[in-house]
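Input: a single structure, listed below in structure tokens.
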Amino acid sequence: MAAVMADSAKVRVENNKLAKRLRRQVGQAIEDYAMIAPGDRVMVCLSGGKDSYTMLDLLMRLRASAPVEFELVAVNLDQKQPDFPADVLPRWCAEQGIEFRQLDQDTYSVVKRVIPEGKTMCSLCSRLRRGALYRYAGEQGFTKIALGHHRDDILATFFLNLFYGGKLKAMPPKLRSDDGRHIVIRPLAYVREADIVEWAAQRSYPIIPCNLCGSQEQLQRKVVRRMLDDWERGHPGRAEQIFAALRNIEPSQLADPQLFDFAGLDEGKGKGHRWLIAAPDEDLA
């Protein structure tokens, strides 16, 4: 009995450590990037996955002691995927005392019609979902749109762009949409996926599977995530160091002339001269 009680006490201590760490990381991200301002109406995109449940749960906890007042509304887009359990999210939100709204838009049929059988649907599905949510946010006067991407999502996106897109680009914790109408925030930007998995299990969220449409995660993203996982197993803390690098950029030590004024280093000497001159026709051999 004593051993059982000791184990139970140890579990409680670890659970409390995790809760405090998550609250601290989310609160720090909100502060670092000025994600939430007084009077904000935050549309929290709730998909039914572990990430969005965790994001909403932590935002609700932080709101109780936040230095500013803001509103939270959980919004789900029912894309008419087969067998989607439409009752799960409204029931959970009612139990938590959080306002819930559900949108209905049959993007599933569009994706099935456009994407050949067996091909990855995620990219088009994501674009259609984002468009519907952005439009609703504008119609309802939400000032912020909260998405559940975490630190590992940001790192994977960075390497996808590096390896396959030739860009140093990731997911910013806060951004303005391309049309300039919306501010998107990612409160879980500092949070490890492993901690979210553990937290979601503790909280017993009613998880809705992400494979209802039969699509699979992009192969390239899976390769990158496997690479990051292997690195972390072999070199614990490497992912944290890479993420720290994304927050500690030195443009003068890279090679983008649009980002840093290399020509200005010698007060403009040589600037403006054309060096890409066509070679003469004569044989130089």
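Give, as a single signed number, the net charge of other residues whose beta carbon lies under 12 Å from the beta carbon of LYS20, with Lys and Arg counted +1 and Asp and Glu -1.
Numbers: positive: LYS17, ARG21, ARG23, ARG24, ARG61; negative: GLU14, ASP195.
Its environment carries a net charge of +3.
Using R₀ = 30 Å, calculate the FRET efficiency as 1/(1 + (r/R₀)^6) where r is the Cβ-Cβ separation of ARG238 and ASP87; round to 0.05.
Values: r = 42 Å, r/R0 = 1.41.
So the FRET efficiency works out to roughly 0.10.
Residue separation times 0.36 nm, minus the C-alpha to C-alpha distance between SER126 and VAL13: what's the value? Spell out each step's value before the answer.
On the way: separation 113, 0.36 × 113 = 40.68 nm, distance 3.87 nm.
Contour length minus Cα-Cα distance gives 36.8 nm.
Once the piece of chain linking GLN258 and ALA245 is laid out straight, how much longer is it, given 0.36 nm per residue of separation minus the C-alpha distance between them? Display every interim value, and only then the final one.
Values: separation 13, 0.36 × 13 = 4.68 nm, distance 2.03 nm.
The GLN258-ALA245 span can extend by a further 2.6 nm.
Between GLN96 and GLU71, what length comes free when the chain is fully extended (0.36 nm per residue of separation minus the Cα-Cα distance, one decimal in nm)? Write out the running numbers ahead of the final one.
On the way: separation 25, 0.36 × 25 = 9.00 nm, distance 1.47 nm.
7.5 nm is the gain from fully extending GLN96 to GLU71.
Rounded to a whole number of µm²/s, how large is the Stokes-Einstein D of the stretch 12-253 at 4 °C and 1.567 mPa s, given Rh as the Kirkwood radius over C-alpha pairs?
So the translational diffusion coefficient is about 68 µm²/s.
In the structure shown, do any of LYS50/LYS174; LYS174/LYS222; LYS167/LYS222; LYS144/LYS222 have a Cα-Cα gap over 28 Å, and if so which? Please report the intermediate quantities before stating the final value.
Details: LYS50/LYS174 21 Å; LYS174/LYS222 25 Å; LYS167/LYS222 19 Å; LYS144/LYS222 30 Å.
Correct reply: LYS144/LYS222.
Computed from the coordinates by the stated procedures, all read-outs in this text should not be read as laboratory data. Because the structure is a prediction, the values reported are computed rather than measured. Every residue, glycine among them, receives a Cβ derived from its backbone with ideal geometry; neighbour counts consider all protein chains shown.
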